[in-house]
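To start, the structure itself, in structure tokens.
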């Protein structure tokens with residue numbers, strides 16, 4: 001693999017026009033990845049789902065080179081018609097279209113970076129991999145006091161042209177004081193057996209609001225790693241919603257740094273799994289300042305021989321007095337082969353805090369099924385109704401009414 | 001009055017050391033030392049082979065380092081692996097032959113070895129450094145067919161039982177410290193309860209580390225045969241010394257069909273001084289196997305001592321309908337560190353487990369609850385309930401919760417809750433309004449916080465533990 005990485009890297013550098021600074025950073029990142037390789041279960045964070053093994057078993061040899069010079073066609077049929085929206089279309093890890101037709105153009109600053117932040121924590125080698133092979137990074141800056149009028153939908157498309165390929169993608173958002181944005185990240189995969197590695201950076205200024213909804217619904221055999229890093233200043237709010245169901249394997253990682261007082265982070269997620277899918281949500285909420293708040297609700301419905309994992313960590317710094325942190329994970333196992341693993345973790349160094357977590361897993365409540373059946377429903381319908389209600393709980397947490405309606409229809413929950 | 005009491009208790013009152021000449025094996029860890037230990041204990045050949053096999057395995061094992069409390073590297077070659085009071089070369093036949101200094105020591109510790117002075121009817125096996133000193137109430141127990149003696153004695157007198165069960169729960173292929181213990185264990189207690197016998201009294205062991213530079217490696221083996229019941233207590237102290245001392249014991253419990261074992265620990269090893277100097281490293285492996293149907297194992301622990309506590313008393317629920325319980329209070333103050341919790345491994349059908357853990361951290365200490373609940377594919381209709389609460393006093397300490405939850409069975413339910421908070425101002429205000437001073441109020445509230453666990457302890461121990469909870473937190477409020 002090492003040789004393959006090196007030749008693919010050289011090919012990428014020779015066919016693209018990166019700045020010297022970028023090439024230098026990319027080389028460092030590559031060396032870091034070469035040193036550590038793909039993470040495996042020996043690392044605490046990868047204990048439950050060993051990505052190294054899963055890639056080897058399902059893909060085998062990966063190609064790391066991705067031709068960013070190809071013009072990809074976009075099929076307009078896949079665009080969501082129910083709501084008016086701005087678009088970013090990404091095909092095979094390359095940004096093909098950016099349209100902010102509903103917004104005031106002088107309030108948004110779009111630029112392509114010729115520099116990037118080096119992976120701050122060395123132990124996550126996938127971020128290094130992303131840094132070394134991703135294309136030039138787009139940065140979207142929302143100016144002071146501006147709120148997006150319409151949501152922004154990021155279409156992440158893969159097409160048949162790629163297979164057994166590692167696709168790396170990065171996007172940055174900066175939200176200045178008092179600004180706000182609503183994002184739907186919509187995955188649309190027409191490819192099979194690729195390893196897709198995404199990194200999103202969000203920087204929230206004072207009073208900024210970020211609403212980020214991630215939808216992976218279309219069934220495919222890709223393996224995905226998706227990392228969102230969110231830093232928050234005073235009074236800012238971030239809301240993340242994850243619907244994870246389509247791909248063969250996804251690990252969604254959300255890391256929130258609450259750096260300013262009265263900032264708050266909400267992370268809600270659904271795992272709706274069947275067949276032999278492996279999905280994981282891992283959250284890291286770091287309370288670094290006084291009076292911050294975080295809330296997490298993760299629910300899983302696990303059928304066939306699929307596997308759901310939730311790892312959530314609340315960290316409270318000794319400075320972060322008056323922290324309010326809450327985590328709840330619940331799982332319903334529908335089949336004997338299904339598996340649920342959880343590691344809800346608290347690491348607390350301040351005394352005046354209110355932190356708690358809960359986790360429950362088991363089968364559907366027999367009494368509830370009986371109740372519904374005694375009122376004339378057949379067993380199948382009764383079960384569906386209960387699962388529907390179980391998951392609806394999470395969807396109801398979405399604060400944007402228009403998007404909530406859209407997502408309910410999309411997921412099929414009423 | 002209370003102030004004086006507190007003043008007396010504030011310092012570690014078990015911190016004295018007894019000036020008894022001891023007889024030690026040469027320093028260091030090698031085959032010679034293992035042979036020396038085996039030889040001096042007149043062990044049969046199979047046991048020496050067993051020890052050497054463990055030692056072979058130890059050579060390839062690495063010390064684990066995933067735990068939260070880090071500690072400086074231990075030089076295993078700089079330790080004495082065997083230390084016994086000199087007068088023990090010929091084991092005394094009865095209490096009258098014991099070195100009076102030893103009796104004095106145990107009197108100071110409040111352990112009633114002299115049967116005539118016994119008030120509460122607890123049979124005690126006391127372990128001083130490496131050697132089991134005396135076992136009381138032997139006759140009463142023998143009548144019922146109960147075997148309660150030191151493990152060295154059991155190896156001589158009941159080799160079949162020992163051979164059958166030793167290492168059956170903690171094999172020599174286990175983790176580093178357990179394997180180290182298998183190679184060099186010196187003494188400990190052995191209990192066998194015959195079928196359908198309910199042990200008429202609490203059995204108890206008292207561990208004491210006296211000599212410096214020694215590690216204490218006991219091995220406790222408790223077997224409850226079909227339909228029997230036993231309640232077992234364990235207490236520990238050590239003198240104050242500047243250097244850290246290692247305590248790596250192995251405890252194995254085996255419950256056969258319909259048997260029940262209740263194992264309680266009040267651990268009060270020397271925690272080190274206010275600046276974190278000295279103290280015991282308490283790296284103990286405790287594991288119970290519910291081997292038979294309808295069996296039950298219950299662990300209760302009050303952990304207040306040791307510089308570092310690192311242990312996870314576990315239950316393997318193999319028999320159908322078996323039950324595992326874990327009740328724990330862990331208190332850390334000053335520079336103490338604890339990483340403790342439990343493992344509940346559900347293998348049989350209809351197995352149940354319950355975990356109640358209360359952690360209190362004060363001063364500059366660090367406390368971690370780490371636990372595993374694993375329900376396997378075959379363990380249908382199993383349930384687990386876990387509750388772990390942490391209380392923080394001051395903002396220089398830490399409290400962490402790291403539960404691992406694995407559910408592989410769709411007919412089984414796991415519920416887990418954890419909270420972290422401080423003592424509420426309202427509760428403090430309420431108590432102070434009624435005339436308690438702040439320390440008394442805190443003591444009262446903390447005792448209430450721990451009550452669920454304290455209730456599980458046998459009566460005599462519960463009182464002691466309650467006092468210990470109060471003492472451990474002195475000076476941490478305000």
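The values are calculated or read from the model by the stated rules, or taken from the named source; none is laboratory data. Treat the numbers as computed from the prediction; the structure is a model and nothing was measured. For neighbour counting, all protein chains shown are included, and Cβ atoms are generated from backbone atoms with ideal geometry for every residue, glycine included.
Please work out if residue A:270 is in a strand (DSSP E or B), within 14 Å of chain B (Cβ to nearest Cβ) and under 15 Å from residue A:244 (Cβ atoms). Don't jump to the end; show me each part of the working.
Details: in a strand (DSSP E or B): yes; within 14 Å of chain B (Cβ to nearest Cβ): no; under 15 Å from residue A:244 (Cβ atoms): yes.
No: the conditions fail for residue A:270.
Just one of (1) in contact (Cβ under 8 Å) with a residue 12 or more places away in the chain; (2) more than 9 Å from chain A (Cβ to nearest Cβ) fails for residue B:408. It is (2). Taken as a whole, the condition of being surrounded by 14 or more Cβ atoms within 10 Å (Cβ to Cβ), closer than 28 Å to residue A:179 by Cβ and in contact with a helix residue (DSSP H, G or I) (Cβ under 8 Å, 6 or more places away or on another chain) does not apply to residue A:88. Residue under question is residue B:355, and the condition is that it be touching a residue at least 24 places away in the same chain (Cβ under 8 Å), in a strand (DSSP E or B) and closer than 20 Å to residue B:321 by Cα; does it hold? Yes; evaluated as a whole, the condition is true for this residue.
Do we find a residue being within 13 Å of the chain's Cα centre (by Cα) and in a loop (DSSP other than H, G, I, E, B) anywhere in segment B:325-335? Within segment B:325-335, none of the residues are within 13 Å of the chain's Cα centre (by Cα) and in a loop (DSSP other than H, G, I, E, B). Taking the criterion of being part of a loop (DSSP other than H, G, I, E, B), at pLDDT 65 or above and in contact with a strand residue (DSSP E or B) (Cβ under 7 Å, 6 or more places away or on another chain), the residues of segment B:15-46 that qualify are B:25, B:27. State whether one or more residues within segment A:255-270 are farther than 24 Å from residue A:388 by Cβ and out of contact with any strand residue (DSSP E or B) (no Cβ under 9 Å at 6 or more places or on another chain). So far as segment A:255-270 goes, yes, one or more of its residues are farther than 24 Å from residue A:388 by Cβ and out of contact with any strand residue (DSSP E or B) (no Cβ under 9 Å at 6 or more places or on another chain). I'd like the residue in segment A:28-45 that is within 14 Å of another protein chain (Cβ to nearest Cβ) and assigned to a helix (DSSP H, G or I) and, out of all such residues, is nearest to residue A:251 (Cα to Cα). The qualifying residue nearest to residue A:251 (Cα to Cα) is A:45.
For segment B:55-75, filtering for residues that are within 22 Å of the chain's Cα centre (by Cα) and surrounded by 10 or more Cβ atoms within 10 Å (Cβ to Cβ) leaves 7.
Given the residues A:328, A:334, A:346, which is the only one that is facing chain B (nearest Cβ under 7 Å) and surrounded by fewer than 23 Cβ atoms within 10 Å (Cβ to Cβ)?
A:334
Taken together, A:12, A:43, A:30 contain a single residue that is buried (at least 16 other Cβ atoms within 10 Å of the Cβ), under 30 Å from residue A:309 (Cβ atoms) and touching a residue at least 24 places away in the same chain (Cβ under 8 Å), which is A:30. The set of residues in segment B:405-423 that are under 29 Å from the mean Cα position of the chain (by Cα) and more than 20 Å from residue A:348 (Cβ to Cβ) comprises B:406, B:407, B:414, B:415.
Evaluating residue A:352 against the criteria (1) within 14 Å of chain B (Cβ to nearest Cβ); (2) under 28 Å from residue B:372 (Cβ atoms); (3) out of contact with any helix residue (DSSP H, G or I) (no Cβ under 9 Å at 6 or more places or on another chain) leaves one unmet condition, (2). All of (1) within 7 Å of another protein chain (Cβ to nearest Cβ); (2) at positive phi hold for residue A:322 with one exception: (1).
Residue-by-condition table, conditions (1) surrounded by fewer than 17 Cβ atoms within 10 Å (Cβ to Cβ); (2) at pLDDT below 90; (3) not in a strand (DSSP E or B):
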| position | (1), (2), (3) |
| --- | --- |
| B:107 | yes, yes, yes |
| B:120 | yes, yes, yes |
| B:124 | no, yes, no |
| B:133 | no, yes, no |
| B:142 | yes, yes, yes |
| B:160 | yes, no, yes |
| B:164 | yes, no, yes |
| B:170 | no, no, yes |
| B:173 | yes, yes, yes |
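Which of the residues belonging to segment B:358-401 are facing chain A (nearest Cβ under 8 Å) and in contact (Cβ under 8 Å) with a residue 60 or more places away in the chain? B:393, B:394, B:397, B:400 - these are the residues of segment B:358-401 that are facing chain A (nearest Cβ under 8 Å) and in contact (Cβ under 8 Å) with a residue 60 or more places away in the chain.
Inspect all residues belonging to segment B:415-433 and state whether any of them is within 14 Å of chain A (Cβ to nearest Cβ), closer than 30 Å to residue A:330 by Cα and in contact with a helix residue (DSSP H, G or I) (Cβ under 7 Å, 6 or more places away or on another chain). Taking every residue of segment B:415-433 in turn, at least one turns out to be within 14 Å of chain A (Cβ to nearest Cβ), closer than 30 Å to residue A:330 by Cα and in contact with a helix residue (DSSP H, G or I) (Cβ under 7 Å, 6 or more places away or on another chain). Taking into account only those residues within segment A:246-262 that are within 20 Å of residue A:193 (Cβ to Cβ) and in contact (Cβ under 8 Å) with a residue 40 or more places away in the chain, which is surrounded by the most Cβ atoms within 10 Å (Cβ to Cβ)? Only one residue fits best here, namely A:251.
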